Structure formats: C-alpha cells, structure tokens
Amino acid sequence: MNQKSYEESNFGKLYLIPTPIGNLKDISFRAIETFKMVDIVYAEDTRETFNLLKYYNIDKKIESCHKYSEMKHKDKIISILKSGKNIGYCTDRGTPLISDPGNIIVDEAIKNGISVISLPGANALLPAINMSGLSNQRFLFYGFLNSKKSIAKKELVDLKNVKQTLIFYESPFRVVETLKLMKEILGDRKASIVREISKLHEEVLRNDLNNLIDECKSIKGEIVIVVEGNNEIEEDNNNYEKILNELIKNGLSKKEAIREVVNKYRVNKNYLYNLVKEK
C-alpha cells in the first residue's frame, strides 16, 4: 500500500515530530501545530516533552515510549492509530529514528497500512558539518560507533577508505578513546569536535585527530565528531594492489595475500578482493 492509499483509509496518522536539540526556539511552526492537532503524544522522555509543550502552552496527553519499551507499546500504538486517532512521536532532542528510537513503531505502522509523516526539523549532524570547516558536499553520517572497542575497530576499518566526510555522534565519556581509535585506524586526519549545538556553551574545535585528543580530555556535553574523508585512496589503491601482486608473485594465494594485507594494514577485506578479483 502506498502513501496515497494510506490517506484514503480511516486510520489515524503517525507524525514524527523533531524537537529542539538545545535552544527551545529551534522548532518549526508546523511542529507546534502538529503537537496541538494530534490526539496523543508518545515521547522518549515524558519530562523533556512536557517541559517543551509547557513552554509553548500546549496541553496534551503524553505517553512514554523509549528504546527499551518500543516493542512493548507498539501493539497499543497501532490499535490507537487504527481507531482513527492521530499520534505524534518525538524523542528527547532532534529527529526521531536518527540515532534515536522510533524504528519499531514506524515499521509496524507501515506494515499495517498506516500513514507515517515525518516533519523536517532539528538535528545535530547538519549544523556540525557546516561548522566543521571540512567538506560538506558529500558526507556519510554514521551515528554512534559500537560501544565494544573490538567491534568499533572493525567499523572504522570498513570506513577507512570512504572518500566522503564522516560524521559520528559520541558521548563525552568516550570521546577521547574514540579519537584515539580513529587516529589508530584512520590515520591522523583533520577533524572537528562540535559540542552543545544551539546551547549556551556551543563550541567548535578544529584540528587534527592527534591534537584533538589532548583538547578533549575534560570536554562535556552533546558531541558530534566530524572527520575528513580518505583523500589518499587512489594512492593507497595503487600501493595495496602492488603489495598484493608482490605477495601473490612470491607464492601466496589470493586469499592468503589478502589476509596478510588486512592484518598488517587494517584494510577492508572486500575492498582488497575487488582489487584482485579480475586477476
């Protein structure tokens, strides 16, 4: 069922409503009107949403639905929508689903032929890349790296050869370790730390990864890390291809040569397979 046919049903609609990431004035007129229009608001944190709605003199029933309770509440939410009532869903800050809860509810709504309407609005990644001083023509938003160091390493290995600017969210409690890991895997690239976007203590740090490690030892607040893409990929491509050819020439199989380069240079395995697949 497509979006047009959703609108022809008697079901209510699910509205995904972005909320300010700091300054409470960073909200659209449409978002305020939608909060007023919907029958019920489901929120990641009812206290945060209550304060926001109170600021705009909106009196609305607010129910809790966070990442640990989405599965529990999804059937009730779908039932309310099927009864013809409209629901607004919002997270603590920013746009729902973008490194935030909401995916389970949206998937279930779509499966049940319910219209899902996402309002444009506040997020941290776009202001961060615009203030970073790095290229914003093409970028890859990754969100949070895995909290397990071993898995985070593998994720960064997969990202090492990406040419586009990379954007990550990170906790202030992990930012130093993450920057160290990035320097180890990606090399000492240009990067930017953008913190507390739109808040009183908004700050942008621009340097290479190595120097940012020292600058961030006592950093606080909501953090976005913006990292330069791989500008040396073509040179690396030639180097890795030469290394692989030399190893194969010396008697290793393609699989063995690739394994050796992966272990030594932390290069993505599939990337290397593409270099030698036609040889």
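The values are calculated or read from the model by the stated rules, or taken from the named source; none is laboratory data. Here the structure is a predicted model, which is why all the values come from computation and not from measurement. Positions of Cβ are backbone-derived with ideal geometry, glycine not excepted, and every protein chain shown enters the neighbour counts.
Brief remarks follow.
- Region 261-279, residues that are over 29 Å from PHE168 (Cβ atoms) and either in a loop (DSSP other than H, G, I, E, B) or at pLDDT 85 or above (or both): LYS277, GLU278, LYS279
- All strands (runs of 3 or more DSSP E) inside region 163-253 with 2 or more residues being in contact with a Lys or Arg (Cβ under 8 Å, 6 or more places away or on another chain): 190-195, 203-208, 223-227
- Checking SER147 against (1) hydroxyl-bearing (Ser, Thr, Tyr); (2) out of contact with any strand residue (DSSP E or B) (no Cβ under 7 Å at 6 or more places or on another chain); (3) not in a loop (DSSP other than H, G, I, E, B), the condition it does not meet: (3)
- So ASP100, is it at pLDDT below 95 and in the same structural domain as LEU24 (by TED's automatic domain parsing): yes
- Filtered by the rule that a residue be among the charged types (D, E, K, R), in a loop (DSSP other than H, G, I, E, B) and closer than 11 Å to THR91 by Cα, region 42-70 gives GLU44, ASP45, LYS67.
- Any hit, region 108-119, residues being of a type in the set (Asp, Glu), at pLDDT 95 or above and either crowded, with 16+ Cβ neighbours inside 10 Å or not in a helix (DSSP H, G or I) (or both): yes
- Put simply, of LYS85, LYS54, LYS72, LYS76 the only residue that is basic (Lys, Arg) and in contact (Cβ under 8 Å) with a residue 24 or more places away in the chain is LYS85.
- Qualifying residue in region 33-40 (condition: surrounded by 14 or more Cβ atoms within 10 Å (Cβ to Cβ), assigned to a helix (DSSP H, G or I), among the polar types (S, T, N, Q) and free of Cβ contacts under 8 Å to residues at least 40 places away in the same chain): no
- Cβ-Cβ under 7 Å pairs, at least 6 apart or on other chains, region 145-157 side under 13 Å from MET182 (Cα atoms), far side in a loop (DSSP other than H, G, I, E, B): ALA152/LEU145; ALA152/ASN146; GLU155/LEU145; GLU155/ASN146; VAL157/ARG266; VAL157/ASN268
- The listed residue being among the aliphatic types (A, V, I, L, M), in contact with a helix residue (DSSP H, G or I) (Cβ under 7 Å, 6 or more places away or on another chain) and modelled with pLDDT of 90 or more, out of LEU244, LEU166: LEU166
- The residues of region 73-109 that are of a type in the set (Asp, Glu) and either closer than 18 Å to GLY121 by Cβ or out of contact with any helix residue (DSSP H, G or I) (no Cβ under 7 Å at 6 or more places or on another chain) (or both), listed by number, are ASP75, ASP92, ASP100, ASP107.
- Scanning region 187-201 for residues that are surrounded by fewer than 17 Cβ atoms within 10 Å (Cβ to Cβ) and more than 19 Å from VAL176 (Cα to Cα) yields LYS199, LEU200, HIS201.
- Annotation note: of ASN245, ASN270, the sole residue that is under 28 Å from the mean Cα position of the chain (by Cα) and not assigned by TED's automatic domain parsing to the domain that holds ASN161 is ASN270.
- Note on region 48-84: residues that are basic (Lys, Arg) and either farther than 21 Å from VAL116 by Cβ or surrounded by 15 or more Cβ atoms within 10 Å (Cβ to Cβ) (or both) total 4.
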